[in-house]
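Notes follow once the structure below has been shown.
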Amino acid sequence: MEETSTEPDVLTTERLVLRPPQESDIDAVFAACQDPEIQRWTVVPSPYRREDAEFFVRDLAIEGWRTGANRIWCVFERESGALVGSQGLVLRAHDPGSAEIGWWAVKEFRGRGYTTEAARAVSLFGLRELGLRRLEWQAYVGNEGSRAVAAKAGYRFEGTLRSYAEQRGVFHDAWIASLLPSDLA
């Protein structure tokens, strides 16, 4: 992918602030990713070490924004400033105009609608600000929480991809859904 040196964007919603990860977020990201459910349903390393949180903040997020290949946000509750999760868009060099959206939520903040609120903000950013023609969400079959967020955020289910999504050397069946600009009307 061509380097574009993309300036990080801060997104705000009624209850949340989404901003690129910062050095001061490493401890909170490390603590959040100790949750067995995040390790079960995402591609974060397992076991999750402090070095993994440092890599997430210092390398993956910064490099993604610098090149424009992906955008990662830490999601914070506006009122308390607490980390409630992460959202990301991975742009696809092999399929210009499309990106994959993903998220994880801090255990203590699940069930409050924060992940859906953040997913809507990131989706609007991708479709309107980046001019993407298609956003895709994927999750391992069985991840009902992520599926519920995708549905509430307006994603339309397209099916199940068999033996598709790789996680630590194992391929899993994956659900797939999409959101198009025409779905926003």
Residue list for the range 5-46, filter: of a type in the set (A, V, I, L, M), open to solvent by less than 20 Å² (accessible area, probe 1.4 Å) and over 14 Å from the mean Cα position of the chain (by Cα): LEU16, ILE26, ALA32
Residue in the range 106-123 that is aromatic (Phe, Trp, Tyr) and open to solvent by less than 10 Å² (accessible area, probe 1.4 Å) present: no
Number of positions in the range 53-71 that are free of Cβ contacts under 8 Å to residues at least 60 places away in the same chain and open to solvent by 20 Å² or more (accessible area, probe 1.4 Å): 9
Criterion violated by ALA151 - all others in (1) open to solvent by less than 80 Å² (accessible area, probe 1.4 Å); (2) assigned to a strand (DSSP E or B) satisfied: (2)
Which listed residue, of ALA99, ALA174, is part of a strand (DSSP E or B), touching a helix residue (DSSP H, G or I) at 6+ places or on another chain (Cβ under 6 Å) and over 20 Å from GLU14 (Cβ atoms): ALA99
The listed residue being farther than 24 Å from ALA31 by Cβ, free of Cβ contacts under 8 Å to residues at least 12 places away in the same chain and either touching a Lys or Arg at 6+ places or on another chain (Cβ under 8 Å) or open to solvent by 30 Å² or more (accessible area, probe 1.4 Å) (or both), out of ARG92, ARG134: ARG92
Candidate set: the range 103-130, residues that are aliphatic (A, V, I, L, M) and in a loop (DSSP other than H, G, I, E, B); chosen: the one nearest to LEU91 (Cα to Cα): LEU130
Cβ pairs under 8 Å, 6+ apart, first in the range 8-32 and in contact (Cβ under 8 Å) with a residue 24 or more places away in the chain and within 17 Å of VAL106 (Cβ to Cβ), second assigned to a loop (DSSP other than H, G, I, E, B) and open to solvent by 80 Å² or more (accessible area, probe 1.4 Å): ARG15/ARG78; ARG15/GLU79; LEU16/ARG78; VAL17/VAL10; VAL17/ARG78; LEU18/VAL10; ARG19/VAL10
Scope the range 136-148; condition outside any helix (DSSP H, G or I) and over 24 Å from LEU184 (Cβ atoms); matching residues: TYR140, VAL141, GLY142, ASN143
Tally of residues being surrounded by 12 or more Cβ atoms within 10 Å (Cβ to Cβ) and over 18 Å from TRP104 (Cα atoms) across the range 154-170: 5
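The values are calculated or read from the model by the stated rules, or taken from the named source; none is laboratory data. Model, not experiment: these values are computed from the prediction. With ideal geometry, Cβ positions are generated from the backbone for all residues, glycine too; neighbour counts draw on all protein chains shown. We work out accessible area using only protein heavy atoms, side chains counted, and drop any ligands, DNA or RNA first. Shrake-Rupley method; radii C 1.70, N 1.55, O 1.52, S 1.80 Å.
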